[in-house]
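Inspection log for the structure reproduced underneath, given as structure tokens.
The values are calculated or read from the model by the stated rules, or taken from the named source; none is laboratory data. Just so we're clear, the structure is a prediction, and the values are computed from it rather than from any experiment. Glycine also receives a Cβ, built like all others from the backbone with ideal geometry; neighbour counts cover every protein chain displayed.
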């Protein structure tokens, strides 16, 4: 039994010695131009080989903005005359059609205006008849010019007053023809000028409103767009038709696409920014809400160059390296260390310089960071 314990202790020392030797050799190898990896290391580290491939790299201008709609797709609901809310069945988020009743207002002044219009309309018939009679008499030299001009003035003044009141009633959505038939109402309805969704409701039943109050807001989301703010120093690089990649950071990690449609022609004097209008591609497949904050990259130029996946890059003391396969045997992979210069990068790829020694060579594109980690132990 004693001999067995001695044998086990010797085996432990040998194993530890081999492990330390392996790590020391790896560290020494990484500090030289050659790295040797066993087949088991390659397999257990889930390493992969690949080659240089062409990838597109974009020159971009970073900017921010928001989801918005054109001015004609947004409507502010207000009234030409104040009143008290008697009916408001809609809530924020409700969908409305163009011409749909939004709310009902009541005001005694509506009655007074209709009464005045009715009185003027009745007088107008008499004044028109008198004007025609005086004109006939004047043409036949039976009456004086003074009487004719007096009748003409009274008729035209009354006609102007009637037309003005008629226009006011129409603006209040009161039918003048109904008033002329004696149907007088104390309430008026406000109708939706566009189809869309209610985004703001600032009223409740019984609440008084005046002509300057914003009662509701309606937004038609059938054509949303991207409204971006670009700094003055970058605006000369922005052109119509350029591609835009943007994200809604507070709502999604997905990247969406748009296109520059209009570039502003004036600079805000305070912020020194210019507005850029972008059309969202495949907007029917999105579910954006007006006012969402957006982070965007406007692509000003696209270049194609040889690139490698980011996982292929090994960084040591501010230098970047890749490992190119030099030789492969039944038990070992022999890699040659190559220093590179990184030019551009995307989320997954990096564009590299001095690739002459890497053309058509197999390169370790996955698992290289594990070699660095082992070498540091």
Item checked: Some residue of region 110-120 being in contact (Cβ under 8 Å) with a residue 12 or more places away in the chain, surrounded by 13 or more Cβ atoms within 10 Å (Cβ to Cβ) and closer than 21 Å to residue 193 by Cβ -> yes
Next item on the list: Might you let me know whether region 293-314 holds any residue that is more than 35 Å from the chain's Cα centre (by Cα), part of a strand (DSSP E or B) and at pLDDT below 90?
Entry: yes
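Take region 315-332 and flag every residue that is part of a strand (DSSP E or B) and more than 17 Å from residue 354 (Cβ to Cβ). Give the derivation first.
Going through region 315-332, the residues part of a strand (DSSP E or B) turn out to be 315-316, 319-328, 332.
Within region 315-332, 325, 326, 327, 328, 332 qualify.
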Notebook entry, point to check: Any chance region 138-152 includes a residue that's more than 28 Å from residue 107 (Cα to Cα), surrounded by 14 or more Cβ atoms within 10 Å (Cβ to Cβ) and in contact (Cβ under 8 Å) with a residue 24 or more places away in the chain?
Noted result: yes
Note to self: Name the residue that is surrounded by the most Cβ atoms within 10 Å (Cβ to Cβ), counting only residues in region 230-250 that are free of Cβ contacts under 8 Å to residues at least 24 places away in the same chain and not in a helix (DSSP H, G or I).
What the structure shows: 240
Next item on the list: Just one of (1) free of Cβ contacts under 8 Å to residues at least 12 places away in the same chain; (2) surrounded by 13 or more Cβ atoms within 10 Å (Cβ to Cβ) trips up residue 265, so point out which.
Entry: (2)
Next item on the list: Scan region 177-218 for residues that are part of a loop (DSSP other than H, G, I, E, B) and over 41 Å from the mean Cα position of the chain (by Cα) and jot them down.
Entry: 181, 182, 183, 184, 185, 186
Notebook entry, point to check: Would you say residue 102 is crowded, with 18+ Cβ neighbours inside 10 Å and either in the same structural domain as residue 276 (by TED's automatic domain parsing) or under 30 Å from residue 223 (Cβ atoms) (or both)?
Noted result: yes
Margin query: Considering only residues that are part of a loop (DSSP other than H, G, I, E, B), at pLDDT below 80 and loosely packed, with under 11 Cβ neighbours inside 10 Å, which ones fall in region 333-363?
Written below: 347, 354
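Rundown of residues vs (1) touching a residue at least 60 places away in the same chain (Cβ under 8 Å); (2) over 30 Å from residue 302 (Cα atoms); (3) in the same structural domain as residue 361 (by TED's automatic domain parsing); (4) surrounded by 15 or more Cβ atoms within 10 Å (Cβ to Cβ), yes/no style:
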{"site": "40", "(1), (2), (3), (4)": "no, yes, yes, no"}
{"site": "44", "(1), (2), (3), (4)": "no, yes, yes, no"}
{"site": "51", "(1), (2), (3), (4)": "yes, no, yes, no"}
{"site": "65", "(1), (2), (3), (4)": "yes, no, no, yes"}
{"site": "83", "(1), (2), (3), (4)": "yes, yes, no, yes"}
Margin query: I'm told residue 300 meets every condition in (1) in contact with a helix residue (DSSP H, G or I) (Cβ under 6 Å, 6 or more places away or on another chain); (2) under 25 Å from residue 358 (Cβ atoms) except one. Can you identify the failing condition by its number?
Written below: (2)
Notebook entry, point to check: Has region 67-80 got any residue that is modelled with pLDDT under 95, touching a helix residue (DSSP H, G or I) at 6+ places or on another chain (Cβ under 8 Å) and more than 26 Å from residue 197 (Cβ to Cβ)?
Noted result: no
Notebook entry, point to check: Within region 203-226, is even one residue at pLDDT 90 or above, within 17 Å of residue 289 (Cα to Cα), exposed (fewer than 14 other Cβ atoms within 10 Å of the Cβ) and not assigned by TED's automatic domain parsing to the domain that holds residue 82?
Noted result: no
Check: Among (1) modelled with pLDDT of 85 or more; (2) touching a strand residue (DSSP E or B) at 6+ places or on another chain (Cβ under 8 Å); (3) in the same structural domain as residue 48 (by TED's automatic domain parsing), which single condition is residue 330 missing?
Finding: (2)
Notebook entry, point to check: Do we find a residue being at pLDDT 90 or above, closer than 25 Å to residue 347 by Cα, assigned to a strand (DSSP E or B) and not assigned by TED's automatic domain parsing to the domain that holds residue 81 anywhere in region 262-273?
Noted result: no
Check: residue 174 versus (1) assigned to a helix (DSSP H, G or I); (2) touching a residue at least 60 places away in the same chain (Cβ under 8 Å): which is the lone unmet condition?
Finding: (1)
